[in-house]
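The values are calculated or read from the model by the stated rules, or taken from the named source; none is laboratory data. Computed from a predicted structure; not experimentally measured. Note that we place each Cβ from the backbone using ideal geometry, even for glycine, and neighbour counts take in every protein chain shown.
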Amino acid sequence: MEKRTSPILLLACLFPPLATALGSVEHGDWVHTFGQGVDEYGTRSGDGGFVIACSGPDALAPDAPPSIYLLDWTQPTAEMPITIQVDGVAWKFQSDARGDIDMDSPATRRQFGQLWQALRAGNELRVATADGATNTFSLHGSARALPPEPCQQ
């Protein structure tokens, strides 16, 4: 069996401000943090977290595409279908080899822009993986945490 690094541990190492912020945030509130050249936007539910990471020009990997991380409640396997819904409208993505969702193609960037706007305006976020794991998050405070335009690379 292949041993995988926990996404929360990886995120805590790469994005310590967000790991700290998500640990102290009220469940359901959205936060924005910035550290090591990366903007991080995220929220928690009782079971885990949902995080968007956007590399800036000063990041360790400035050309990295925006990514979505699912923390604690599931570990998607490589190339697993993942459905993200906001108020019943669904977008389908696929995890990469690490189990993250990278917006590294024109199609996923287009979907990411739509998802970003829905996250800012919506009430409820629901994420489901092909292995049956699901989680629901409030979008309370998302319009305040997420800027009007999505990050793009």
Breaking point among (1) under 20 Å from residue 152 (Cβ atoms); (2) surrounded by fewer than 18 Cβ atoms within 10 Å (Cβ to Cβ), for residue 68: (2)
Answer yes or no as to whether residue 58 is of a type in the set (Asp, Glu) and either surrounded by 14 or more Cβ atoms within 10 Å (Cβ to Cβ) or closer than 18 Å to residue 41 by Cα (or both). yes
So, first residue farther than 17 Å from residue 141 by Cβ and in contact (Cβ under 8 Å) with a residue 12 or more places away in the chain in region 41-59, second residue charged (D, E, K, R) and assigned to a strand (DSSP E or B), Cβ within less than 8 Å, six or more apart or across chains; the pairs are 53/39; 53/40; 54/39; 54/40; 56/39
Any residue in region 25-38 that is touching a Cys at 6+ places or on another chain (Cβ under 9 Å), part of a strand (DSSP E or B) and modelled with pLDDT of 70 or more? yes
